Amino acid sequence: IQKETLAQDNKGRALRKGEFQRASDGKYVYGYVDPNGVRRYIYSKDLKTLREREERLIKNQLDGLDVYVAGSADLNFVFDRYISTKSELRRTTYTNYTYMYDHFVRDGFGKKKVGDIKYSDVLHFYHDLIHNKGIQINTLDTIHTVLHPTFQLAVRDGIIRMNPSDGVMAELKKKTGNKKGIRHALTLEQQRAFMNYIAESPVFVGWLPFFTVLLGTGCRIGEVVGLRWQDVDLKERTININHAMTYYPRRDDTYKCEFKVSLPKTEAGIRILPMMKQVYEALQGEYNRQKEEGFSEAVVDGMSGFIFTNRFDTIHNPQAVNRAIKRIYEAYNAEEIVKAKNEHRDPIIIPHFSCHHLRHTFCTRFCENETNVKVIQSVMGHASIETTMDIYAEVTEMTKKEALDNLSANLDVF
């Protein structure tokens, strides 16, 4: 902001420290540094109103800091102070953290005075979230990832002596047998029913290439909706996963969402995937169709050439994909129930699932047919081998009886 260096305004009145009058439009400005060290400004057309705002601002800042230093601030105050310093967070992470806090903490537990919160309070709060609110352990992990450093900030500032959230997750996982919230994969029968129904439906057949790529690559939804023709090598039959598309509320206007290009979820997410035959055929068919009918002209953050777009020529957002999935399986189930009754058999019902279940389904099929866990990790883009092992162990548990039955049939030594 350009300012005059004079200690007086254009009417000859003395200006206080931090005040100045803009030469361009005559507006009065007061510059200050907020408690987080960020330079900010307030403006007014007249000096009297500016000084009233100055007094309110200084009082609010002092009141807040005094309350904080005395340990009487609520947890919401400390979280807001903590999150305002996290400028290095990716946009998706920042939005996820603030959503989790606002949704599960702010209107209840967040109103407690930070100086009064004990270990047992945090433990009781987490128990309530699991048993009464019905959230999964992995969702609680995200909430804890936000709360623990919030308390740690208060410890480092000398407001509280110990972090009351230390060790809470370890105790909870011990009591619950360390069970993570598992997104169950579709069975082979359900997966086949879902894809066959889309292929044979005049209403949903347009979704076939999209879901073939999702189920045939195990990619995250943001990686598939952001897939461009330049990321696909039809000659070498490979897909280059080098970015993802996010759809989140704007920081400056939380009532509006927008697409943004970001890096994949982890560094391991940047990978080259060989195409399965079905994926190649789906993409080749889609390319031939678009060559005749025209390619997408959608542009997001300067990127273009997107493979999958809707009738408005905008890329799919995950919520729209989930709504499509729901319409498909509900239509299928309604028809399947009638068909099974007429054929005197049990229906093959497709349960409720979301687009991320398709990634889990691919990983499950992969684990059923591949024993090299490092290969699975690489294809899935898992940053940690533990994530891969969790799914692999679940699949192994399901196939253990089948494996022993096969062993029993093939061994002739007893």
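The values are calculated or read from the model by the stated rules, or taken from the named source; none is laboratory data. Please read these numbers as outputs of a predicted model, since none were measured by experiment. Glycine gets a Cβ as well: all are built from the backbone with ideal geometry, and neighbour counts include every protein chain shown. In case anyone asks, the SASA skips ligands and DNA or RNA and just uses the protein heavy atoms, side chains included. Shrake-Rupley method; radii C 1.70, N 1.55, O 1.52, S 1.80 Å.
Given the condition outside any loop (DSSP other than H, G, I, E, B) and within 28 Å of V261 (Cα to Cα), answer yes or no: does some residue in segment 339-356 qualify? Taking every residue of segment 339-356 in turn, at least one turns out to be outside any loop (DSSP other than H, G, I, E, B) and within 28 Å of V261 (Cα to Cα).
The residues in segment 339-348 that are open to solvent by 60 Å² or more (accessible area, probe 1.4 Å) and either over 18 Å from F194 (Cβ atoms) or in contact (Cβ under 8 Å) with a residue 40 or more places away in the chain (or both) can be counted, and the count is 5. When G218, G222, G226 are screened for being at pLDDT below 95, touching a Lys or Arg at 6+ places or on another chain (Cβ under 6 Å) and within 30 Å of V299 (Cβ to Cβ), only G218 passes. Take the conditions (1) open to solvent by 20 Å² or more (accessible area, probe 1.4 Å); (2) free of Cβ contacts under 8 Å to residues at least 40 places away in the same chain; C367 misses just one of them, which is (1). If only residues of segment 172-192 that are at pLDDT 85 or above and either in a helix (DSSP H, G or I) or of a type in the set (S, T, N, Q) (or both) are counted, the one that is farthest from G134 (Cα to Cα) is R192. The set of residues in segment 107-153 that are of a type in the set (V, I, T) and open to solvent by 50 Å² or more (accessible area, probe 1.4 Å) contains only T145. Taken over segment 357-387, the criterion of being in a helix (DSSP H, G or I) and farther than 25 Å from N322 by Cβ is satisfied by E368, N369, V373, K374, V375, I376, Q377, S378, I385, E386.
Of all residues in segment 14-23, those being within 13 Å of K45 (Cβ to Cβ) and open to solvent by 30 Å² or more (accessible area, probe 1.4 Å) number 1. Against the criterion of being touching an Asp or Glu at 6+ places or on another chain (Cβ under 9 Å), open to solvent by 50 Å² or more (accessible area, probe 1.4 Å) and either in a helix (DSSP H, G or I) or touching a residue at least 12 places away in the same chain (Cβ under 8 Å) (or both), A409 does not qualify. For segment 133-141, the condition of being at positive phi and either of a type in the set (K, R) or without any contact (Cβ under 8 Å) to a residue 40 or more places away in the chain (or both) holds for at least one residue. Name the residues in segment 202-232 that are free of Cβ contacts under 8 Å to residues at least 12 places away in the same chain and touching a Ser or Thr at 6+ places or on another chain (Cβ under 8 Å), would you? Listed by number, the list is empty, since nothing qualifies. Condition check for V279 on (1) under 22 Å from P202 (Cα atoms); (2) part of a helix (DSSP H, G or I); (3) open to solvent by 40 Å² or more (accessible area, probe 1.4 Å): one failure, at (3). Within segment 301-317, being over 14 Å from W207 (Cα atoms) and either free of Cβ contacts under 8 Å to residues at least 60 places away in the same chain or in a helix (DSSP H, G or I) (or both) holds for D301, G302, F312, D313, T314.
For segment 117-132, the count of residues that are among the acidic types (D, E) and modelled with pLDDT under 90 is zero. Residue pairs whose Cβ atoms lie under 6 Å apart, separated by 6 or more positions or on different chains, with the first residue in segment 263-285 and more than 19 Å from A199 (Cβ to Cβ) and the second among the small types (G, A, S), are P264/A244; T266/A383; A268/G381; A268/A383; G269/G381; R271/G381. Can you find a residue that is more than 30 Å from K260 (Cα to Cα), out of contact with any strand residue (DSSP E or B) (no Cβ under 6 Å at 6 or more places or on another chain) and loosely packed, with under 11 Cβ neighbours inside 10 Å anywhere in segment 317-331? Among the residues of segment 317-331, not one is more than 30 Å from K260 (Cα to Cα), out of contact with any strand residue (DSSP E or B) (no Cβ under 6 Å at 6 or more places or on another chain) and loosely packed, with under 11 Cβ neighbours inside 10 Å, which makes the answer no. Taken over segment 154-169, the residue count meeting the criterion of being open to solvent by 50 Å² or more (accessible area, probe 1.4 Å) and modelled with pLDDT under 85 is 2.
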